[in-house]
Amino acid sequence: MSYDENPTPATGPRRSRRGLLAVAALAPTTLAGWLAWQVMGSPGESRPSKESTPATAGKPGDTTPQAPPSASPSLVPPTASPAFSKGPSGPLAGKVVVIDPGHNPGNFRHSRDINKLVDIGTNRKECDTTGTSTNAGYTEAEFTLDVSHRLRTLLEKQGARVEFTHDNDRPFGPCIDERARFGNEAEADAVISVHGDGSAEGNRGFHVILPALVKSGAADTSKIVGPSRDLGERIVGKFVRATGSAPSNYVGGGTGLDVRKDLGGLNLSDVPKVFIECGNMRDPKDAALLTSPGWRQKAAQGMADGISSYLEG
Ligand code: ZN
């Protein structure tokens, strides 16, 4: 397969490191302001000497840190200064990524709630489902949260603003229509819904699900079909590279891509969005990968690389 032939250059640990250096260069100034604020605002509080070093450097013996000229209203913490309010730097600065961890560990206890039907444009469908699990009982909902956390860390390192549709902080759901709305309201540049599949033993590998062209009721995917395919294709290529896993042998004819019009989370999205089924939780060989934290980190890396590649163009 030609997955490694994706012409997009690899995204950058190097670039994000450069971003960190830029932040480090700002540190002495902002630390000085912070220290002045700390000293004036809470005189009795001792601070770690490592943090106070930059502010007092060059003034040995002077126990009163000098605030920089601009810090005269030094009761204002420097987190409100322009240097901080600009937010993180990095190649994805200014980009918003919504991560949708598939299902919810609490769904098992709320079958009536998650079975309620919601409108997905084309038809009505269950609010949410419990998801699958490995034969040993590792649930898809646990898996999706773990991978989503890893993915968030990687994207934030590159400067992206990352939001979750849920973080195991609610009893069940959200419903699939709410999950879609979440990305729309965040005006996300990219949304990924993370899943593990539940198919027959012997069915192996991952696939990315793209929105079909749907125009019905509240669903209109005409604007997102193209960009979502671009996003999905990049994720497939990077996922292969990061995990060494082959695309699905049971969906997508070896492309790692599937197109569906029955998923409310895609039908109702106004912003580029894909689902990823990271593997088949019911296959023992795939399950061995999905239950390995090391593999999950690689999976998250593959997704992060694909998303970065898409966002950087
Ligand atoms: Zn799922």
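The values are calculated or read from the model by the stated rules, or taken from the named source; none is laboratory data. Bear in mind that the values here come from a model prediction, so they are computed numbers and not experimental data. Neighbour counts are summed over all protein chains in view; Cβ atoms, including those assigned to glycine, are modelled from backbone coordinates with ideal geometry. The protein model used for the area step is the full one, side chains on, heavy atoms only, and it has no ligands, DNA or RNA in it. Shrake-Rupley method; radii C 1.70, N 1.55, O 1.52, S 1.80 Å.
For the pairs LYS125/LYS273; LYS95/LYS125; LYS157/LYS273; LYS125/LYS238; LYS223/LYS273; LYS157/LYS261, note any where the Cα-Cα span goes beyond 23 Å. Too far apart for the 23 Å limit: LYS95/LYS125; LYS125/LYS238; LYS157/LYS261.
Its alpha carbons give the range 160-313 an Rg and a Dmax of 15.0, 43 Å. Each peptide in 200-208, 220-228 receives the mean, over its residues, of other Cβ atoms within 10 Å, and ordering these scores from highest gives 200-208, 220-228. When the alpha carbon gyration tensor of the range 100-156 is reduced to an equivalent ellipsoid, its three semi-axes come out at 24, 17, 9 angstrom, largest first. Per-atom-type breakdown for the range 96-312 gives carbon and sulfur 48% of the accessible area (1.4 Å probe, protein chains only).
The peptide list 256-266, 159-169, put in order of mean Cβ contacts within 10 Å with the highest first, becomes 256-266, 159-169.
Given a 1.4 Å probe, how much area per residue of the range 107-192 is accessible, in Å²? The partial results should precede the final answer.
Details: 4100 Å² over 86 residues.
I get 48 Å² per residue for this part.
Using only the Cα atoms of the range 169-239, each taken as one equal point scatterer with no solvent, compute I(q) by the Debye sum, divide by I(0), and report log10 of the ratio at q = 0.20 Å⁻¹. Taking Cα atoms of the range 169-239 as identical point scatterers yields -1.08.
P(r) for the range 241-282, from all Cα pairs and a bin width of 5 Å, is 5, 17, 26, 23, 16, 11, 2 %, short bins first. On a full-extension model of 0.36 nm per residue, what is the gain between LYS223 and ASP119, subtracting their alpha-carbon distance, rounded to one decimal in nm? Value of the extension gain: 35.4 nm.
Taking 0.36 nm per residue of separation and subtracting the Cα-Cα distance, full extension of the segment from THR255 to LYS215 would add 11.8 nm. Both radii come from the Cα set of the range 124-220: Rg as radius of gyration, Rh as Kirkwood radius; their ratio Rg/Rh reads 0.97.
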